[in-house]
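Beneath this line is the structure, given in structure tokens, with notes to follow.
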Amino acid sequence: MLAHFILALRTAGIPASITEYLTLLRGMKEGVADYSVDDFYHLSRAALVKDERHLDRFDRVFGEVFKGLEPPEGDPGAEAAIPEEWLRKMVEKLLTEEEKAQIEALGGFEKLMETLKQRLAEQKGRHQGGSKWIGTGGTSPFGAHGYNPEGVRIGQDESRHRRAVKVWDKREFRDLDGDIEIGTRNMKLALRRLRRFARQGAATELDLPDTIRATANNAGTLDLKMVPERHNTVKVLLFLDIGGSMDDHVQVCAELFSAARAEFKHLEHFYFHNCPYERLWRNNRRRRESEVSTWEVLRTYGPDYKAIFVGDAAMSPYEIIQPGGSVEHWNEETGQVWLHRLTGHFRRSAWLNPMPEAAWGRYQSALLLHRLMEQRMYPLTLGGIEEMTRELSR
Amino acid sequence: MAGFRSTETYIASRDLEVAVNAAVALQRPLLVKGEPGTGKTVLAHEVARALGHPLIEWHIKSTTKAQQGLYEYDAVSRLRDGQLGDPRVHDISNYIVRGKLWDAFEAEKPHVLLIDEIDKADIEFPNDLLLELDRMQFFVYETRQTVVAKHRPVVIITSNNEKELPDAFLRRCFFHYIRFPDRETMERIVQAHFPDIKQELAREALNVFFQVRSVTELKKKPATSELLDWLKLLMIEDLPPEVLRSSDPKTAIPPLYGALLKNEQDVHLFERLAFLSRQRQR
């Protein structure tokens, strides 16, 4: 029974090992759990879960293994559980007549249903993180405004007992799961992850060998050699997509990285719209005065700066590959060229996309940029940032 | 088994009690994480009190090395003594400075050892303590002696999640994440700390407190310790509960907010919100 539980945990991606399993068994032998289900739940959680991001998954697995519960919503496998009829109602409520007409263009209602179903399943998890996902694309057939999935509860009872047995069912830790997109609450965690790669900067330490050498050279008279304390020398250059479809994300991004200022002594940021062209700016409110030529940015900041682009990459492909394709002005050179210049100049660069990875495929522009970035586009999730920091610090 | 329970001054949830008791019974370190101000450090004090053991505190800083917890060999002063011809120099043990772990291991009765904010230290720090915390022994190279714990101390480790801890280290610990208390628990906590608080004041203050917390844009959400500080201030000032009624838009910034909001951006945010709500009233 318990072995089965451990295996289920491992399948769910919780790194519980034999050591932890034995600890749990020993704990039960010592009578810590006291033959109560609640206490067993607490004990096994303390023994098997070592990261609060896994608590949610643990609750789900515990629920499945010991209660035979239905898999809670938000599971990849739970899509089918969303009732068709309810979806239909949802669509009617969501779409204007005009948009309904567009449905035909997209391949009819059935196909749309599939997308919506999929999107809703994804959104369930994501909304907890605080990002509004549907309606950011502009090209999305689901409309841009007024959709709030929070009001919808699937398969969850209204009244929950306060008892601990119900805790795993309530999944109170759900917004700490690592694969859910970053919201304001998860932001701190993600930030810490950036710190790790910052620490790998210059590592100069107090120089004992040199002291010994100097003392020996000095014929035994003590000669202390000091070296400067180690500093974090990682330099980060941040390019933030602003406006349009990014309105929902950019505050999150800016907060995230302005807080990083404390850690990165060299953190500079610039804004662009959809795709970087020949001009960037530093301040959105005073955009005209704060505009900087991209050439100047390339000249000012050396190749040792790590360039991070943050944007949802949702735009018309013309904005990337066509001169004059920008939605704002006439650009002599394509976004592609400018991106090449930037990524060519900075030795390490990456793109963070606040949209979920699964959705990139639906935007030609996202795939295009992904290719232009040489596959270094990462989702703006905790996991994505971790991958990015690994790539950037390589 | 004389276990750890909620006390008059510290309200522990059932899962925390189980985690502490499991760690004590199996003599494993207990790793406690949670939002700042939810009582991680206080937990160690309470556990020490509940078990009747003395507490040894080891506060970790960014410069702390694992070795400093065991012992330090003061080579520089020995070198200096050697050059000055001090007779102490012949005994190397004169230059071994004991660390907190050594103190805890050598003690005549079991201790509670608090390793506070382990995530502040270097990323390799937990790895360097693996064997020491597992076997509760270490070897002093300079004097060729092995220090073995007479009584295995109860080890409580707190982390603010600034760094990820290595898997090997986690595997040896019990883990508990202190969730932010819900309203009911919070009422019990307030009662425990201020038994003679006016019921009405406590209720209004909690209303304001949870309202403040519900503002998602806050940089630093006030936590339990901030609430307790604030209540103490309110009681000292002897403010009537009516002042806290937040339905009055003029007082949308809570009185004595300095205890709740810790940076000026948050205060600005609240001023703006108050301003907006006044506008709406008109």
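The number of residues in region B:146-158 being loosely packed, with under 15 Cβ neighbours inside 10 Å and closer than 18 Å to B:Gln68 by Cβ comes to 0. Kindly check whether there is at least one residue in region B:105-122 that is among the aromatic types (Phe, Trp, Tyr) and over 25 Å from B:Ala50 (Cα atoms). No.
If you check B:His53 against the conditions, is it surrounded by fewer than 18 Cβ atoms within 10 Å (Cβ to Cβ) and either aliphatic (A, V, I, L, M) or closer than 30 Å to B:Val140 by Cα (or both)? Working first, answer last.
On the way: surrounded by fewer than 18 Cβ atoms within 10 Å (Cβ to Cβ): no; either aliphatic (A, V, I, L, M) or closer than 30 Å to B:Val140 by Cα (or both): yes.
Taking the combined requirement at face value, the residue does not satisfy it.
Hey, could you check region A:259-275 for residues that are assigned to a loop (DSSP other than H, G, I, E, B) and under 12 Å from A:Leu238 (Cβ atoms) and say which is modelled with the highest pLDDT? Looking at residues that are assigned to a loop (DSSP other than H, G, I, E, B) and under 12 Å from A:Leu238 (Cβ atoms), I get A:Phe264. Kindly indicate the residue of region B:60-103 that is aliphatic (A, V, I, L, M) and not in a helix (DSSP H, G or I) and also farthest from B:Ile157 (Cα to Cα) among those meeting that condition. Among them, the one singled out is B:Ile96.
Just one of the listed residues (B:Thr63, B:Thr38) is surrounded by 17 or more Cβ atoms within 10 Å (Cβ to Cβ) and polar (S, T, N, Q), and it is B:Thr38.
As a summary of the residue check, B:Phe4 satisfies the conditions (1) within 13 Å of chain A (Cβ to nearest Cβ); (2) free of Cβ contacts under 8 Å to residues at least 24 places away in the same chain except for the one numbered (2).
The residue that is nearest to the other protein chains (Cβ to nearest Cβ), among those in region B:7-22 that are surrounded by 17 or more Cβ atoms within 10 Å (Cβ to Cβ) and in a loop (DSSP other than H, G, I, E, B), is B:Ser13.
For region B:180-224, taking the residues that are within 14 Å of another protein chain (Cβ to nearest Cβ) and small (Gly, Ala, Ser), the one that is surrounded by the fewest Cβ atoms within 10 Å (Cβ to Cβ) is identified as B:Ser214. Checking each residue in region B:62-87 for being β-branched (Val, Ile, Thr) and away from every other protein chain (no Cβ under 13 Å) picks out only B:Thr64.
Inspect all residues belonging to region B:142-153 and state whether any of them is more than 14 Å from chain A (Cβ to nearest Cβ) and small (Gly, Ala, Ser). Steps first, please.
First, pick out the residues of region B:142-153 that are more than 14 Å from chain A (Cβ to nearest Cβ): B:142-153.
After this cut, where a residue has to be small (Gly, Ala, Ser) as well, the list is B:149.
For region B:142-153, residues more than 14 Å from chain A (Cβ to nearest Cβ) and small (Gly, Ala, Ser): present.
The residue that is nearest to the other protein chains (Cβ to nearest Cβ), counting only those in region A:4-23 that are among the hydrophobic types (A, V, I, L, M, F, W, C), assigned to a helix (DSSP H, G or I) and closer than 16 Å to A:Leu55 by Cβ, is A:Leu9.
Just to be sure before I move on: is B:Ala168 within 14 Å of another protein chain (Cβ to nearest Cβ), among the small types (Gly, Ala, Ser), under 22 Å from the mean Cα position of the chain (by Cα) and closer than 30 Å to A:Asp51 by Cβ in the structure I sent? Break it down into steps so the answer makes sense when it comes.
Values: within 14 Å of another protein chain (Cβ to nearest Cβ): yes; among the small types (Gly, Ala, Ser): yes; under 22 Å from the mean Cα position of the chain (by Cα): no; closer than 30 Å to A:Asp51 by Cβ: yes.
No; evaluated as a whole, the condition is false for this residue.
The values are calculated or read from the model by the stated rules, or taken from the named source; none is laboratory data. As the structure is a computational prediction, the values presented were derived from the model and not from experiment. Note: ideal-geometry Cβ built from the backbone for every residue, glycine included; neighbour counts use all protein chains shown.
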